[in-house]
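Down below is the structure, laid out as structure tokens.
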Amino acid sequence: MDPSTPIKPARLTRSLLSRSRQGALATLMPIGGDPYCSLVNVASLPDGSPILLISRLAVHTKNILADPRVSLMLDERVPGDPLEGARIMLGGIAEEAQADAGLLKRRYLTAHPSAEDFAGFKDFSFFRIKPKGVHLVAGFGRIVDLAPTDFLTDLAGAETLLEAEPDIVAHMNADHMDTMNLYAVKLLGASEGAWRCTGCDPEGLDLQDDRRTLRLDFPQRVTEPGALRQALKALADRARAVV
């Protein structure tokens with residue numbers, strides 16, 4: 001990240017939460033309390049809370065079931081020196097999905113379609129991490145601690161948008177692949193690809209092309225499908241105007 005570029009800590013944190021697909025998960029061993037770190041695949045809920053799909057046979061899952069306190073590190077995975085990229089260390093409580101298991105499954109499998117088979121195994125379960133705070137490092141001397149209210153996306157009043165999200169994602173991927181490629185290339189500076197929509201929330205749209213992920217922030221908060229259509233059209237018009 002260019003050290004001369006001003007950072008917006010909350011926006012950068014939300015972007016990392018929505019874009020990250022892998023992270024380092026730290027849990028506590030039941031005997032002795034020693035830290036245990038493992039690599040996990042991740043996705044996110046509309047508010048940014050991380051989602052895990054993990055096996056009860058794994059050491060980290062056994063640790064969570066004994067003590068749900070966890071830490072998750074997510075980074076930008078930039079080329080070159082990884083310490084030059086932004087990263088967050090999120091602390092929180094890992095909870096197995098209960099009433100919202102369907103939402104966690106849908107969001108996770110949209111981000112990780114190849115995990116469909118694992119999701120059907122009896123020993124695998126979806127967990128969400130309820131954040132208690134984030135330590136953001138956005139480069140040398142650019143370090144900020146944030147509370148959940150600072151970085152989690154406010155979902156208040158956006159019930160109709162969240163309810164329509166599965167249909168919105170399906171519609172974008174079926175009818176507007178060219179527009180998503182336009183967003184990625186013209187507005188976000190990415191190279192062309194098979195960009196698809198993986199989710200939306202009041203603050204932005206999530207795009208993915210294989211292992212590449214992007215976050216398209218909306219100019220202003222949207223809370224219902226009609227406002228989303230207008231925002232996406234305005235962004236498409238802006239993208240087409242880029243030379």
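Quick note: the coordinates plus some simple rules give every number you see, no bench work behind them. Note that the structure is predicted; figures quoted are calculated from it, not measured. No Cβ is skipped: glycine too gets one built from the backbone with ideal geometry, and neighbour counts run over all protein chains shown.
Summarising the overall dimensions of the range 5-73 from its C-alpha atoms, the Rg and Dmax are 13.8, 45 angstrom.
Between residue 39 and residue 170, the C-beta separation translates, for a Förster distance of 30 Å, into a calculated FRET efficiency of about 0.45.
What FRET efficiency do you get for residue 81 and residue 130 if R0 is 35 Å and r is their Cβ-Cβ distance, rounded to the nearest 0.05? My answer for the efficiency is 0.60.
Taking a quarter of the surface of the Cα convex hull of the range 51-122 gives a mean projected area of 6.3 nm².
The count of lysine pairs in the chain with alpha-carbon distances below 26 Å, taking only pairs 8 or more places apart or on different chains, stands at 13.
For q values of 0.19 Å⁻¹, compute log₁₀ I(q)/I(0) with the Debye formula on a Cα-only model of the range 9-151, without solvent. With no solvent term, the Cα-only Debye profile gives -1.14.
Dividing the Cα radius of gyration of the range 159-241 by its Kirkwood radius returns 0.93 for Rg/Rh. In summary, the convex hull built on the alpha carbon positions of the chain has an orientation-averaged projected area of 14.0 nm².
Per-residue extension of 0.36 nm, minus the Cα-Cα distance of residue 65 and residue 142, leaves a gain of 24.2 nm for this segment.
Modelled spin-label separation between residue 177 and residue 150, with each label point placed 7 Å from Cα along the Cα-to-Cβ direction: 4.1 nm. Using a simple spin-label model with pseudo-atoms 7 Å out from Cα toward Cβ, residue 192 and residue 11 lie 2.9 nm apart.
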